[in-house]
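Worksheet: the structure to be examined is printed underneath.
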Amino acid sequence: MQKSDFKRFYHKHFDRVYRFVLFRVNMNKEVAEDLTSEIFMKALEHFASYDPERSQTAWIMTIARNRVMNHWRDSKNHVDIDDLVFCLEGSDGSQDAESRDDIKQVQKALRTLDPKDRQLIEMKHLLGYRYKEMQEVLGTKAATLRVETHRAMKKLKELLTSVYEDDHPTT
Amino acid sequence: MKTTIPQLKELKDHSKPAEDFEKVLWAELSDSYDRKYPSMVFCLRHRFTVPVVVLCLFVMTGVGSYAYASPSVTQEHVLFPVKDGMEWMQEVVTRSPSGRAGFHTRMMERRIEEGEYLINHNTVSLPHIERIDASFAQALSALEGTDQEDEAREEMLNRLRTGRVRYEFILTESIEHERETPRPEELRNVLLDLRVHIDESGLSDDEKRALRGHENGQEFIAE
């Protein structure tokens with residue numbers, strides 16, 4: 001294994017792993033950074049024995065998922081991380097009030113979505129996967145995923161409208 | 001209200017990792033990688049290259065010092081190019097007239113030491129004598145080029161006078177040495193000249209063999 005291979009691997013997956021973790025730790029950036037570090041350290045530890053036939057994306061996301069699960073298990077709060085995804089954020093003073101509202105609305109809507117639809121939108125629009133990469137992780141054909149993601153987006157749009165109306169009731 | 005995709009984009013931007021964090025984490029991973037998978041170069045550097053380089057430097061320094069300092073390193077010696085090179089470098093970096101005078105005086109003394117060593121080992125030859133003579137001339141010339149009229153100049157002149165006496169001794173000894181011990185090739189030439197004048201027809205086989213044996217000069221020298 002060459003160092004350059006691992007470097008490429010790291011830079012390709014860094015953003016996605018970090019966001020995946022952040023969305024599952026109440027948007028707590030410090031915790032997300034700690035867990036991301038541990039995930040890549042673990043990946044480095046096992047990179048030499050990694051099976052090249054296996055999808056890199058699926059492999060690193062499995063490590064990330066297991067690490068987040070262990071994090072919550074250790075804190076004795078939750079065990080199902082899918083219940084935790086898009087829990088509302090912690091402190092972030094850098095955002096203005098309007099942006100924070102927008103973010104809260106979309107997080108609220110995402111949490112209301114069906115887990116399967118939420119996963120598709122997260123992977124495609126927040127983690128930046130291509131449909132081909134999603135196929136490697138989810139085991140569903142890319143064309144099917146495209147259609148399903150489109151449907152999920154329509155559902156999210158409806159939910160967002162409903163969330164917006166709840167937050168801004170017409171007088 | 002914003003549409004769906006811009007809102008998702010906002011969430012995506014909001015969740016962007018800090019650039020510093022990415023760099024710092026990579027630095028940590030890079031260090032861990034180097035510790036976990038030491039490269040061949042790393043291994044060689046620590047287990048092979050360093051000791052070899054140290055040994056080479058040690059040997060080169062030792063050999064260089066020996067070549068420079070020892071009077072036994074003369075033109076026929078395998079380390080002579082090392083000595084010659086070091087002296088040349090010394091000459092190049094010596095710029096001032098007084099410095100050059102001092103340098104050539106030192107070189108003259110070194111040539112004389114070599115000559116004395118060769119006399120003691122019965123191996124002095126004309127090229128060595130010529131080398132001493134040339135160094136003497138260079139030392140004198142360099143000293144004439146200096147303007148100083150001080151103790152340093154006087155000291156160099158004294159060294160040249162002493163050198164002159166030693167040089168004369170070498171010359172005398174080399175003449176004596178040549179008379180006493182002719183070289184094998186000189187002996188061979190003399191014997192070949194003699195053989196032309198000897199009529200072998202009247203000699204026995206043993207006498208002929210003995211005469212041919214003398215041709216390489218070995219027995220003559222042994223006697």
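Tabulated values for the structure
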{"item": "Where a residue in the range A:29-57 is at pLDDT 85 or above and its partner, wherever it lies, is hydroxyl-bearing (Ser, Thr, Tyr), with Cβ under 7 Å and at least six apart", "result": "A:Ala32/A:Tyr18; A:Thr36/A:Tyr18; A:Phe40/A:Tyr10; A:Met41/B:Ser32; A:Leu44/B:Ser32; A:Leu44/B:Tyr33"}
{"item": "Selected residue (criterion: farthest from the chain's Cα centre (by Cα)) from residues of the range A:19-36 that are more than 10 Å from every other protein chain (Cβ to nearest Cβ) and part of a loop (DSSP other than H, G, I, E, B)", "result": "A:Asn28"}
{"item": "Residue list for the range A:37-59, restricted to those being within 21 Å of the chain's Cα centre (by Cα) and more than 7 Å from every other protein chain (Cβ to nearest Cβ)", "result": "A:Glu38, A:Ile39, A:Lys42, A:Ala43, A:Arg54, A:Ser55, A:Gln56, A:Thr57, A:Ala58, A:Trp59"}
{"item": "Residues (outside any helix (DSSP H, G or I) and under 8 Å from the mean Cα position of the chain (by Cα)) located in the range B:62-72", "result": "none"}
{"item": "Scan of the range A:101-158 for residues that are aromatic (Phe, Trp, Tyr) and either part of a helix (DSSP H, G or I) or touching a Gly at 6+ places or on another chain (Cβ under 6 Å) (or both), ordered by number", "result": "A:Tyr131"}
{"item": "Leading residue by the ranking (surrounded by the fewest Cβ atoms within 10 Å (Cβ to Cβ)) among those in the range B:96-120 that are more than 29 Å from B:Gly145 (Cα to Cα) and touching a residue at least 24 places away in the same chain (Cβ under 8 Å)", "result": "B:Tyr117"}
{"item": "Options A:Arg54, A:Arg8, A:Arg16; residue that is farther than 15 Å from B:Glu22 by Cβ and either among the basic types (Lys, Arg) or part of a helix (DSSP H, G or I) (or both)", "result": "A:Arg54"}
{"item": "Test: residue in the range B:84-106 that is touching a Lys or Arg at 6+ places or on another chain (Cβ under 9 Å), closer than 22 Å to B:Glu168 by Cα, part of a helix (DSSP H, G or I) and of a type in the set (D, E, K, R)", "result": "yes"}
{"item": "Restricting the range A:29-55 to residues that are surrounded by fewer than 18 Cβ atoms within 10 Å (Cβ to Cβ) and among the polar types (S, T, N, Q), the residue that is nearest to A:Gly139 (Cα to Cα)", "result": "A:Ser55"}
{"item": "Selection within the range A:120-164 - more than 23 Å from A:Phe14 (Cα to Cα), facing another protein chain (nearest Cβ under 9 Å) and either surrounded by 20 or more Cβ atoms within 10 Å (Cβ to Cβ) or β-branched (Val, Ile, Thr) (or both)", "result": "A:Leu156, A:Leu160, A:Thr161"}
{"item": "Tabulated pairs, the range A:1-19, first more than 24 Å from A:Leu120 (Cβ to Cβ), second hydroxyl-bearing (Ser, Thr, Tyr) and surrounded by 14 or more Cβ atoms within 10 Å (Cβ to Cβ), C-beta under 7 angstrom, 6+ apart or interchain", "result": "A:Met1/B:Tyr37; A:Lys3/B:Tyr33; A:Phe6/B:Tyr33"}
{"item": "Test: residue in the range B:156-166 that is at pLDDT 85 or above, under 18 Å from B:Gln75 (Cβ atoms) and not small (Gly, Ala, Ser)", "result": "no"}
{"item": "Hits in the range B:10-22 (condition: facing another protein chain (nearest Cβ under 8 Å) and either within 20 Å of A:Thr161 (Cα to Cα) or assigned to a helix (DSSP H, G or I) (or both))", "result": "B:Glu10, B:Leu11, B:Lys12, B:His14, B:Phe21, B:Glu22"}
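The values are calculated or read from the model by the stated rules, or taken from the named source; none is laboratory data. Being a predicted model, the structure only gives us computed values, none of them experimental. All Cβ positions, glycine included, derive from the backbone under ideal geometry; neighbour counts span all protein chains shown.
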